[in-house]
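The values are calculated or read from the model by the stated rules, or taken from the named source; none is laboratory data. Everything quoted here is computed from the prediction, not taken from an experiment. Cβ: placed from backbone, ideal geometry, glycine included. Neighbour counts: every protein chain shown. The area values use the complete protein model at the heavy-atom level, side chains included, leaving out ligands, DNA and RNA. Shrake-Rupley method; radii C 1.70, N 1.55, O 1.52, S 1.80 Å.
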Amino acid sequence: RSHAKEILHCLKEKYFRELQDLEVDGQKVEMPQALSWYPEELAWHTNLSRKILRKSPLLEKFHQFLVSETECGNISRQEAVSMIPPLLLNVSPHHKILDMCAAPGSKTAQLIEMLHADMNVPFPKGFVIANDVDNKRCYLLVHQAKRLNSPCIMVVNHDASSIPNLQIDVDGRKEVLFYDRILCDVPCSGDGTMRKNIDVWKKWTTQNSLQLHGLQLRIATRGVEQLAEGGRMVYSTCSLNPIENEAVIASLLEKSQGALELADVSSELPGLKRMPGITKWKVMLKDGQWFEEWKDVPSSRQTQIRPTMFPVKDEEKLKAMNLERCLRILPHHQNTGGFFVAVLIKKSPMPWNKRQPKVHQKLPQRTGDTEVTAANSDNGSECINEEPALSENEESKKMQESQNSDTEHSKKEGVCGPPPSKKMKLFGFKEDPFVFLPEDDPLFLAIQKFYALDPSFPKMNLLTRTQEGKKRQLYMVSKELRNVLLNNSEKMKVINTGIKVWSRNSDGEQFGCAFRLAQEGIYTLYPFIHARIVSVCIEDVKILLTQENPFLSKFSSETQKKVKDMAMGSIVLKYDPDPEKPDDLQCPIVLCGWQGKTSLRAFVPKNERLHYLRMMGVEVFKAKRKEEDSESKTEEEEVQHKLAQTEEGMDVEDKEHDLVTKMEAEIGEESSHSPVESTAMEVENKIEDLDQSSKNANSHVSQESKIMDTSNVKD
C-alpha cells in the first residue's frame with residue numbers, strides 16, 4: 001500500500017532507534033532485523049517475546065504502535081516462514097486466486113496486498129476467494145481481510161476437499177471458473193512449530209500424519225482440478241513429516257499422468273536457506289512398527305496405512321517427479337519454524353476430467369454433487385470409453401447447464417441468497433443475502449448528484465445486505481466478484497464480501513443526500529468523486545485528527561474559503577504531499593469528513609487516526625488517555641446529532657467483530673497449521689474501537705451463536 005514506505009521510515013527512524021539501548025530485566029533488547037529474503041525490506045523479525053512486549057513499560061510505546069497499526073491493516077504479524085507461500089505464487093493484479101484453507105487470514109492479507117500492487121487502480125481485474133471449513137474461523141478471516149479494505153475479496157465457508165465448481169458469465173455464456181493461482185496451505189500435524197508451540201511436545205504421535213494424509217491429498221487434488229492450465233498452485237504445511245509432504249506431492253504427480261509438474265523455484269527468494277525435498281522415507285505406526293513398502297503392511301493395518309503414503313519405487317518415475325524441487329525450511333537454519341512448500345504448475349487438464357464419469361449419466365444433477373464425484377473418480381476407471389474426450393471446460397459446461405434455469409430468477413433480481421435450507425445444517429447461522437442495487441434505484445440518483453460521481457462509476461457493483469426495509473449500508477465489489485456472486489448463489493455459502501462505501505445518515509437527507517461516505521471505502525471511491533472535495537494542508541489534517549468538531553475558524557484561510565459556499569453534509573478531505581517540503585508527510589491522505597454549520601470534523605476510526613498522526617511525526621503515545629476520553633465524549637455527541645447511526649444498521653460487521661472477540665479466547669493457538677497467526681489477534685483486541693453498535697450486537701450474536709450447529713468439523 002502507498003503508506004508502507006512511510007511506515008518503514010517511521011519504524012527505522014523512530015521506534016527501532018528507541019529500542020537501541022534498552023535493557024529489559026537486565027537483558028539488552030535485540031534490534032529487529034529485516035528478513036533478507038523478503039522483497040523491499042517489507043518484513044522484519046523481532047526476538048521480543050509476547051510476554052515481554054506486553055508487560056514491560058519500556059516497550060509499551062512500541063507495543064501500542066504494533067497493536068494500533070495491525071488493527072488498521074498497515075502491518076500484519078505472522079510467523080516468518082508462513083509468509084513464503086504467497087510470495088512463491090507470483091501473483092499479478094489480474095489473477096483469479098483461491099485460498100483453500102485460509103483462516104486465520106495472514107496469507108490471505110498478503111494475497112490481497114499483491115492484487116493491489118498499483119494503488120491507482122481501484123478495481124484490479126483479479127480477486128481472492130478465501131475459504132475455510134470452520135464457520136467460526138471464517139469470521140476471524142473476515143476480520144483480517146477487512147483491515148485491507150479491498151473490493152476484491154470474498155470469504156466463503158466450504159469443505160476444501162469438495163469445494164464446488166463455480167460458474168461465471170463470459171459474453172453471455174456460462175463457463176466454469178478456473179483459478180490462475182491457488183494457495184493450498186492444508187491442515188497438518190504442526191510438528192514444524194515445536195519451538196513455539198508446547199502442545200506439539202505433549203500431543204504429537206505418528207498417528208497424526210497418518211490420519212491427515214488422506215484429507216491433505218483430497219484437498220490438493222480438488223485444488224489442481226480447479227486450477228487453470230498454465231496456473232500455479234502452492235502446497236504448504238508447517239510439518240516436516242514426508243507423509244504429509246512429499247508423499248502427497250508424489251501421489252498427486254503420479255495420478256496426474258504428466259498434467260502437473262513441480263516448478264523449479266531455486267532462484268526465487270534469494271537469501272532464503274532451504275533444503276531439497278526427500279525421495280526416501282519409511283512409515284511408522286503408533287506402536288513403533290516401521291514399514292518400507294505397502295506390501296509389508298498386514299491387512300489389519302491397511303485402513304490406517306495407505307499405498308499413497310510410501311515413496312515411489314520405480315527409479316525412472318521418481319527421477320521424472322523432481323521431488324528435490326520441493327522446499328524444506330529447517331528451524332535452526334535461520335531462526336524460524338519448520339515448513340514445507342511445493343510449487344506445482346498445471347500443463348494440461350487432469351486425466352479424470354477429460355471424460356465424463358458414468359455416474360452423471362445415471363443420476364439427476366444436484367447442486368454440489370458434481371465436484372465430489374469428480375474428486376472420487378481419481379483414476380478415471382469409471383469413465384465411459386466410447387465417449388469422445390472432453391476438455392475440462394466443455395465437460396463442466398455440460399454438467400452445469402441443467403442448473404442455469406434455477407438461478408435465472410434470483411439473478412434477474414440481483415439477489416444472492418444463502419444456500420438451500422437442506423444444506424444449512426452443515427454451517428453456522430444464516431447469513432443475510434447480498435442484494436445488488438437495481439440500475440434505476442432512486443436511492444443512487446441522489447448519491448450520484450450529491451457527490452457528482454463520474455459517469456464511469458460502476459453502480460452495478462453496489463450491494464446491500466437487506467432485501468426489505470431501509471438500506472442502511474452500501475457495499476461495493478469488483479465487477480468480477482459481482483459476476484461470481486450472481487452466478488453461484490445456490491451453491492456457495494458466502495460469509496462476507498465487498499467494502500462499505502456509504503452509510504445511511506438521516507440528518508443528511510435535508511442537505512440532499514441520505515448517505516455519508518465511509519472511511520473504509522474512500523480510497524476505492526475517491527477516483528470517481530468530483531464534488532465536495534476539500535484540499536487541506538498538513539496543519540489542517542493535524543487539527544482534524546486531534547480535535548473533535550473543531551470550529552471552522554481554527555483552519556487555514558484557504559480551507560475556510562473552500563467550505564464557505566459548500567452545503568452541509570459529508571465531504572472528502574484530501575492532503576497532497578509537497579515534494580519541496582521533504583520533512584512533511586510524503587504520501588497522500590484521503591479522509592471522510594462532515595461539514596456542519598460552524599465546524600468541520602473527520603470521520604476516521606481511532607487506530608487509523610493514530611496511524612496518520614504517527615506518520616506526521618505527532619507523538620500519540622502520551623495522548624492515549626486523552627484520545628480515549630475524547631472518543632467517549634464523541635460517542636455521546638454522535639448519538640445526539642445522529643451523525644453516524646450505525647447502531648440502527650446492525651449488519652454483518654457487528655457479528656464479525658463480536659465473534660472475533662469471543663473466539664480469540666476460545667481459539668488461542670488452536671490452528672494446527674498457523675498457531676502464531678491466531679495469537680496476534682489476541683493482542684489486537686487490546687484497543688477496541690468505541691463503537692456503540694458492538695454493544696448492541698452482543699445480545700444478537702450470543703443468541704445466534706447458541707444455535708450454531710455442533711456438527712461443524714474442522715479440516
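The table for this structure:
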| read-out | value |
| --- | --- |
| Accessible-area ranking of Trp502, Trp201, largest first, probe 1.4 Å | Trp201, Trp502 |
| Those residues of segment 94-113 whose amide nitrogen sits under 15 Å from the label point placed on Glu40, 7 Å along Cα→Cβ | 110-113 |
| Net length gained if the chain between Ser300 and Ala117 were fully extended (0.36 nm per residue, minus Cα distance) | 60.4 nm |
| Sequence-distant residues sharing a close amide H with Ala34 (under 5 Å, placed H) | His45 |
| Cα-based Kirkwood hydrodynamic radius, segment 1-72, one decimal, Å | 13.1 |
| Kirkwood Rh in Å, taken over segment 532-621 so that all alpha-carbon pairs contribute | 13.3 |
| Efficiency of FRET from Cβ geometry, Glu619 and Gln207, R₀ 60 Å, rounded to 0.05 | 0.65 |
| Full-extension gain in nm, Leu22 to Glu580, via 0.36 nm per residue minus C-alpha separation | 197.3 nm |
| With all protein chains modelled, accessible area of Ile278 [1.4 Å, Å²] | 60 |
| Theoretical gain in end-to-end length, Arg54 to Asp199 [0.36 nm per residue, Cα-Cα removed] | 50.0 nm |
| Extreme residue, positive dipole direction of segment 1-72, given options Leu59, Leu42, Phe16 (C-beta unit charges) | Leu59 |
| Solvent accessible area, Å² - Ser299, 1.4 Å probe, full protein context | 100 |
